[in-house]
Amino acid sequence: MPVLTRYLEYDTKGNSEIIDITDDVIRSVSGSGINNGIVTVFAAGSTVAVTTLEYESGLIHDLQQALERIAPKDIEYKHNERWHDGNGHSHVRASLLGQSESFPLIDGSMLLGTWQQVIFIDLDNRARSRKLVVQIVGE
């Protein structure tokens with residue numbers, strides 16, 4: 001069973017910046033020669049997340065506000081006491097969302113709902129350069 005690995009790189013602003021990576025992932029899959037299988041998108045890091053969302057300004061704002069309510073920036077985190085980097089909330093948010101998503105690949109097309117986009121969220125409290133892995137497994 002063939003496995004193809006590709007990489008996507010982004011310079012981010014941090015602070016829960018949400019980036020629509022759908023087209024980049026689809027481009028990674030197209031031309032792979034794999035028609036049926038699984039596409040996994042993985043972000044290496046403990047302050048990042050990959051998920052899906054209807055990528056529109058209202059919902060982007062709503063998700064960012066929900067993250068702030070669930071894991072606020074301005075409360076005490078033991079992580080901050082140990083490392084003094086102020087990003088304890090970033091780690092908690094990333095743990096709740098997760099660093100990967102997998103999608104069926106059917107007849108050469110990645111299966112997504114009509115209003116479903118793949119998003120990458122940099123939850124850290126500073127700008128970073130990030131590398132994501134797109135892995136296609138199938139036949």
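The values are calculated or read from the model by the stated rules, or taken from the named source; none is laboratory data. Everything quoted here is computed from the prediction, not taken from an experiment. Virtual Cβ from ideal backbone geometry, glycine too; neighbours counted across all protein chains shown.
Results, tabulated for the structure shown:
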item	result
Those residues of region 6-50 which are acidic (Asp, Glu) and closer than 13 Å to ARG130 by Cα, in sequence order	GLU9, ASP11, GLU17
Residue within region 39-58 that is free of Cβ contacts under 8 Å to residues at least 24 places away in the same chain and among the small types (Gly, Ala, Ser) present	yes
Hits in region 25-50 - residues which are closer than 16 Å to VAL118 by Cβ, small (Gly, Ala, Ser) and assigned to a strand (DSSP E or B)	ALA43, ALA49
SER90 vs. criteria under 17 Å from LYS13 (Cβ atoms), loosely packed, with under 13 Cβ neighbours inside 10 Å and modelled with pLDDT of 95 or more	no
Test for ILE70: is it exposed (fewer than 13 other Cβ atoms within 10 Å of the Cβ) and either more than 19 Å from LEU123 (Cβ to Cβ) or in contact with a Lys or Arg (Cβ under 9 Å, 6 or more places away or on another chain) (or both)	yes
Test for VAL134: is it surrounded by 15 or more Cβ atoms within 10 Å (Cβ to Cβ) and farther than 22 Å from GLY31 by Cβ	no
Answer residue from region 1-49, given it is farther than 13 Å from ASP122 by Cβ and among the basic types (Lys, Arg) and is surrounded by the most Cβ atoms within 10 Å (Cβ to Cβ) among those	ARG6
Any hit, region 14-24, residues being in a loop (DSSP other than H, G, I, E, B), among the polar types (S, T, N, Q) and under 15 Å from the mean Cα position of the chain (by Cα)	yes
Of all residues making up region 73-105, the number that are polar (S, T, N, Q), more than 20 Å from LEU53 (Cα to Cα) and within 22 Å of the chain's Cα centre (by Cα)	1
